[in-house]
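The values are calculated or read from the model by the stated rules, or taken from the named source; none is laboratory data. Quantities reported herein were computed from a predicted structural model and do not represent experimental measurements. Positions of Cβ are generated from backbone atoms using ideal geometry, with glycine treated the same way; all protein chains shown enter the neighbour counts. All accessible areas refer to the heavy atoms of the entire protein, side chains included, with ligands and DNA or RNA removed. Shrake-Rupley method; radii C 1.70, N 1.55, O 1.52, S 1.80 Å.
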Amino acid sequence: MFVAWIVFPLLLAALCLGCGLLLEAAVGRRLPGALLAPAGFAVVVVLAGLFTARGEIASLATPAVVVAALAGAALAYRAKRWGGVDGWLLAAALGVFAVYAAPVVLSGEPTFTGYIKLDDTATWMAFVDRVMDHGRDLSGLEPSSYRSTLEVNLPSGYPVGAFLPLGVGAQLSPSDVAWLMQPYMATMAGLLAAVLYWLARPLVESRPLRALVAFGAAQSALLFAYGLWGGIKEIAVALGIALLAALAPLAAKAEGGWRNALPAALATTSLLVMVGSGGLVWVLPLLGLVALALWRSRGFVALLTRAAPLALVVFVFGVPAVLAGGVFSPTQGGLTDASELGNLIGPIDVFQYVGIWPNGDFRFNPINQPLTVFLVVLAFASALAGVWFAWRRRAWELLLYAAGAGVGSLAVFVYSSPWVGAKALASGSPSILVMALAGAAAFAIRVEKVFGATVLALIVAGVLWSNALGYHDVSLAPYEQLRELEDIGGEFAGAGPTLLTEYQPYGVRHLLRAADAEGASELRTRPIPLVEGGEAEKGEWVDTDRIAPEAWLTYRTLVLRRSPAQSRPPASYAPVRHGDFYDVWQKPPGDEDVVARRLPLGDFYQPGAVPDCGQVLALAASAPGGTLFAAERSANVVANLPEAMVPADWIPTERGSPDVVPHGPGTARLRVRVRVAGTYDFFVQGSVRNPLEVSADGAEVGTVDYQLNAGQQFLYLGRASLSAGPHQLALTLHGQSLAPGSGGPPEPIGPLVLSPAAADPPVRELPAARAEKLCGRSLDWVEARP
């Protein structure tokens, strides 16, 4: 936690501040103090974008940024630039940082958000892994899901600028990039608050009141919601739009020349590097309005003397990064398809642009529609008042921000797919919220104190209410589980090809990349045929018994999720690592896994079964003089929750299903019969957002606090020794708390499965001529080798 949430943000902030000071020195005049670090962020994006545009020099991106930051600090020290810090500016930035940090920091683990909701974060991790050392060059990569993910995106010119500061910071910190995703977004949100603080100054002279305005506006409910989905690009673009609105008028006010054009030019370039040519939807209205105002007030010559240097700087610094790997068209694929919803349920409401939407999941209607309508209308009316005050006080930067962000975001919302339109609304939404809050504050200062303060308080309360619900319903990634995959990836680096049979994009796209891992239901290079024909659907867990024998010729290493439904891998694999969540199996080097025929047994909840003796003998006959291998498997004890004594609000998912949806806390009481005395591992299928504990005969077995699973996976609860005979089990789900992620829709759980504890299920080897010895035994599978 210390590295992720203290060291990394301070390091990134220092780099941005140093680069901002270097920009100031290059311009030759002071920049507003509130804009130094945000402008430095743009410098980091552009500088890293220049180096990563070419694979040969990509590894120099981080050293270049460090040198630039140190040079900026040295020049500032020499010029005695260091001055006092605006405490209220710092309070606004740190306050916003704390809000964006809360869902992770208060969980007690350095994890990330948006797990299960959206797996794009795994792709962003893959980008950072590759781009910072090799740019878009994919040569030398072995076939893997990691390579396939990059092949889909990088050669097509997908914009990566939003991830470059993260990559720079990750290379300078000892933490994996997975644990830095959320601190990075929180840091960018803090920088956004600094820009909004500066933009609001003409309307709100009071620094404490202005800090409140920036604090509220930087956490617009829609932008915060995308942050809870891993929305790095949405927050980065929001920062870029606000920064360009703040810097473009400064370039117009100064005398012409390339030095004075640098701040606005670099802000423009950074936005294009982050979004590609699609960023023009914001760049053109922002710069166009400034150009129009300059032309009308000072004439065409003044416009030309300022526009030409700006265009030249954008061309020199932006073209290499923007065009790296080809032009990424903002109209390609489903980006403009009206039916492309992505992970949305349907098109979102345009009124979410106002920044208030009280629901833990922004895809749904607010939980209190009348109150939401009142707050949205109030905020919109306050924004109109803010426009009037801004016009009267000639707050051109604030007006430019509202107009440019509004035109760009609403244009994308109208003409692109619902998926892309929602993202654009999120990035532009702080513009109307800062206008609304500044308008209320200005009204309180200049017209009627109590009424204006009340409106300001209501709008801020609406934003905080919305985000508190998001905090309560957030989907947190299982840190310990993914941390184990990170360890496996390091321990088995170079031991590929590796196969991961559960749907775990964070594993195959990032954490296991060094082991050349492929997911059975993920992007991959090799086909993985199934016994029943075809291949697995995306998101599906695939038991090893379902994989066709010829597929095993490829994979040396297997990473298998611990599960009572998991079959033992083929006989040629041996266990080499046992973990809390995963077991690793390997074939010895040079092993030729030739399986003449294979007889898988059992079903999902009972991987073992007693085979039909005729099938065993027929299998043996297919390999005369050969060898049979048989994996012994004792039966699981399966308890379907709908058949238990459960609370009335624990509803079966459907008729005859083994699971229930618990709509509240309570205890399920089950009676099971154990046929064979022994040690059993207790599993329950599903996910939980609140503590779930199990006891056997009144003695606690174990508890799982919070864990979200992909489909078909199980929660491990603990281990206990049981005698043969009946036993009373109790499965208790605790209620919601103030912990992040404790809310949200209830997750189905069940059945409860007791699996005989055996780290390495025994495999019998015998001549095919003695196949009858296997008849009548409970087996996982039988293999025949010639």
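Residue count for the range 534-592, restricted to those that are over 23 Å from Val684 (Cα atoms), of a type in the set (Gly, Ala, Ser) and open to solvent by less than 20 Å² (accessible area, probe 1.4 Å): 4.
Condition check ((1) in contact (Cβ under 8 Å) with a residue 24 or more places away in the chain; (2) open to solvent by less than 40 Å² (accessible area, probe 1.4 Å); (3) under 24 Å from Arg207 (Cα atoms)) across all residues:
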{"site": "Val65", "(1), (2), (3)": "yes, yes, no"}
{"site": "Ala69", "(1), (2), (3)": "yes, yes, no"}
{"site": "Ala74", "(1), (2), (3)": "no, no, no"}
{"site": "Trp88", "(1), (2), (3)": "yes, no, yes"}
{"site": "Leu94", "(1), (2), (3)": "yes, no, yes"}
{"site": "Ala102", "(1), (2), (3)": "yes, yes, no"}
{"site": "Glu109", "(1), (2), (3)": "yes, no, no"}
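The set of residues from the range 408-433 being open to solvent by 10 Å² or more (accessible area, probe 1.4 Å), touching a residue at least 40 places away in the same chain (Cβ under 8 Å) and not polar (S, T, N, Q) comprises Leu410, Ala411, Val412, Phe413, Tyr415, Pro418, Trp419, Val420, Lys423, Ile432.
Quick check: anything in the range 82-94 at pLDDT below 95 and part of a helix (DSSP H, G or I)? Yes, the range 82-94 contains a residue that is at pLDDT below 95 and part of a helix (DSSP H, G or I). When the range 668-683 is filtered for residues that are open to solvent by 100 Å² or more (accessible area, probe 1.4 Å) and more than 42 Å from the chain's Cα centre (by Cα), the ones remaining, listed by number, are Arg673, Arg675.
For the range 1-12, which residues satisfy the criterion of being open to solvent by 10 Å² or more (accessible area, probe 1.4 Å) and either in contact (Cβ under 8 Å) with a residue 24 or more places away in the chain or among the aromatic types (Phe, Trp, Tyr) (or both)? It would help to see each step written out before you state the result.
Going through the range 1-12, the residues open to solvent by 10 Å² or more (accessible area, probe 1.4 Å) turn out to be 1-3, 5-7, 9-11.
Residues satisfying the conditions are Met1, Phe2, Val3, Trp5, Val7, Pro9, Leu11.
For the range 445-463, a residue qualifies if it is over 38 Å from the mean Cα position of the chain (by Cα) and touching a residue at least 40 places away in the same chain (Cβ under 8 Å), and the qualifying residues are Ile445, Arg446.
Restricting attention to the range 493-502, does a residue exist that is free of Cβ contacts under 8 Å to residues at least 40 places away in the same chain, over 30 Å from Gly439 (Cβ atoms) and in a helix (DSSP H, G or I)? The answer is no; no qualifying residue exists. Scanning the range 355-374 for residues that are open to solvent by less than 10 Å² (accessible area, probe 1.4 Å) and either closer than 19 Å to Ala442 by Cβ or part of a helix (DSSP H, G or I) (or both) gives Gly355, Thr372.
If you go through the range 598-609 one residue at a time, do you hit one that is more than 19 Å from Ala565 (Cβ to Cβ) and part of a strand (DSSP E or B)? Give the derivation first.
Step one: list which residues in the range 598-609 are more than 19 Å from Ala565 (Cβ to Cβ), which gives none.
Scanning the range 598-609 turns up no residue that is more than 19 Å from Ala565 (Cβ to Cβ) and part of a strand (DSSP E or B).
Among the residues of the range 13-42, which ones are open to solvent by 20 Å² or more (accessible area, probe 1.4 Å), hydrophobic (A, V, I, L, M, F, W, C) and over 23 Å from Ala214 (Cα atoms)? Passing the criteria: Leu22, Ala25, Ala26.
Would you confirm, using the coordinates I've provided, whether Gly157 is among the small types (Gly, Ala, Ser) and at pLDDT 95 or above? Criteria not met by Gly157.
In the range 696-728, what residues are farther than 24 Å from Phe112 by Cβ, touching a residue at least 24 places away in the same chain (Cβ under 8 Å) and open to solvent by 30 Å² or more (accessible area, probe 1.4 Å)?
Asp697, Gly698, Arg719, Ser721, Ser723, Ala724, Pro726, Gln728
Against the test of being of a type outside the set (Phe, Trp, Tyr), open to solvent by less than 10 Å² (accessible area, probe 1.4 Å), closer than 30 Å to Arg526 by Cβ and touching a Ser or Thr at 6+ places or on another chain (Cβ under 6 Å), the options Ala405, Ala477, Ala436 yield a single qualifying residue, Ala477.
Could you grab me the full set of residues in the range 343-354 that are open to solvent by less than 40 Å² (accessible area, probe 1.4 Å) and either closer than 29 Å to Tyr158 by Cβ or in contact with a strand residue (DSSP E or B) (Cβ under 9 Å, 6 or more places away or on another chain) (or both)? Steps first, answer last, please.
So in the range 343-354, the residues open to solvent by less than 40 Å² (accessible area, probe 1.4 Å) come out as 344, 346, 348, 352-354.
Leu344, Gly346, Ile348, Gln352, Tyr353 - these are the residues of the range 343-354 that are open to solvent by less than 40 Å² (accessible area, probe 1.4 Å) and either closer than 29 Å to Tyr158 by Cβ or in contact with a strand residue (DSSP E or B) (Cβ under 9 Å, 6 or more places away or on another chain) (or both).
Pairing residues of the range 379-404 that are under 25 Å from Ala461 (Cα atoms) with residues that are open to solvent by 10 Å² or more (accessible area, probe 1.4 Å) and not aliphatic (A, V, I, L, M), at Cβ distances under 6 Å and at least 6 apart in sequence or on separate chains, gives Ala385/Phe443. The set of residues in the range 607-621 that are open to solvent by less than 70 Å² (accessible area, probe 1.4 Å) and closer than 19 Å to Ser634 by Cβ comprises Pro607, Gly608, Ala609, Pro611, Val616. Criterion first (open to solvent by 30 Å² or more (accessible area, probe 1.4 Å) and assigned to a helix (DSSP H, G or I)) does Asp137 satisfy it? No; evaluated as a whole, the condition is false for this residue. Return the residue satisfying two criteria in turn: it lies in the range 195-210 and is assigned to a helix (DSSP H, G or I) and open to solvent by less than 10 Å² (accessible area, probe 1.4 Å), and of such residues it is farthest from Met125 (Cα to Cα). Checked the range 195-210; the qualifying residue farthest from Met125 (Cα to Cα) is Leu199. Residues that are on the phi > 0 side of the Ramachandran plot and either crowded, with 17+ Cβ neighbours inside 10 Å or in a strand (DSSP E or B) (or both) within the range 649-667 comprise just one, Gly666.
Listed here are the residues, each with its yes/no results for (1) surrounded by fewer than 15 Cβ atoms within 10 Å (Cβ to Cβ); (2) not small (Gly, Ala, Ser).
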{"position": "Ala730", "(1), (2)": "no, no"}
{"position": "Gly735", "(1), (2)": "yes, no"}
{"position": "Pro740", "(1), (2)": "no, yes"}
{"position": "Pro748", "(1), (2)": "no, yes"}
{"position": "Ala757", "(1), (2)": "yes, no"}
{"position": "Asp760", "(1), (2)": "yes, yes"}
{"position": "Arg764", "(1), (2)": "no, yes"}
{"position": "Ala771", "(1), (2)": "no, no"}
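For first residues located in the range 565-583 and closer than 20 Å to Arg785 by Cβ and touching a residue at least 12 places away in the same chain (Cβ under 8 Å), partners that are surrounded by fewer than 22 Cβ atoms within 10 Å (Cβ to Cβ) and basic (Lys, Arg) and lie 6+ apart or on another chain with Cβ distances below 9 Å form the pairs Ser567/Arg546; Pro570/Lys587; Pro570/Arg598; Ala571/Arg785; Ser572/Lys587; Tyr573/Lys587; Ala574/Lys587.
A search for C-beta distances below 8 Å between a residue of the range 182-193 that is over 18 Å from Ser475 (Cα atoms) and any residue that is in a helix (DSSP H, G or I) and modelled with pLDDT under 95, counting only pairs 6+ apart in sequence or on different chains, returns nothing.
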